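Notes to accompany the following structure.
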Amino acid sequence: QVQLVESGGGLVQAGGSLRLSCAASGFIFSINAMGWYRQAPGKQRELVARITSLGNTNYADSVKGRFTISRDNAKNTVYLQMNSLKPEDTAVYYCNVPIQIGGTWGQGGTWGQGTQVTVSS
């Protein structure tokens, strides 16, 4: 059974930093891509960053240059380092095991409880 547990969220002032963690279990972590998504009030859930099993990364345009996704296969954990935070980064952040079908990435079926990130101006 896939389990994802996010942590590290909190309240931070604009310009500050946070590091999110997602502890994964129930599947072979090292051979799977991992992703971070976020959902702000009244908005759809969106991809923030994704890292493949080989360490290739991609980011939403809104976070490029500010956020860094990484993984530690020995700890079955994926991280999201968030720097230069802006009020518009306020959202609940979730990790996910994305799936790729025919070259197109999509969201996997399992979500954690999420972790709230609030950036004050």
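The values are calculated or read from the model by the stated rules, or taken from the named source; none is laboratory data. Since this is a predicted model, take the numbers as computed values, not measurements. All Cβ positions, glycine included, derive from the backbone under ideal geometry; neighbour counts span all protein chains shown. Accessible surface areas use protein heavy atoms only, side chains included; no ligands, DNA or RNA. Shrake-Rupley method; radii C 1.70, N 1.55, O 1.52, S 1.80 Å.
Within segment 23-46, the set of residues being in a strand (DSSP E or B), open to solvent by less than 50 Å² (accessible area, probe 1.4 Å) and not small (Gly, Ala, Ser) comprises Met34, Trp36, Tyr37, Arg38.
Of all residues in segment 67-121, those that are part of a loop (DSSP other than H, G, I, E, B), out of contact with any Leu (no Cβ under 9 Å at 6 or more places or on another chain) and exposed (fewer than 12 other Cβ atoms within 10 Å of the Cβ) total 5.
Whenever a residue of segment 104-117 is of a type in the set (S, T, N, Q), its partners that are open to solvent by 90 Å² or more (accessible area, probe 1.4 Å) and assigned to a loop (DSSP other than H, G, I, E, B), lying with C-beta atoms within less than 9 angstrom and at least six residues away or across chains, give the pairs Thr110/Gln1.
Screening the candidates Ser53, Ser70 for the property of being among the small types (Gly, Ala, Ser) and within 10 Å of the chain's Cα centre (by Cα) yields one hit, Ser70.
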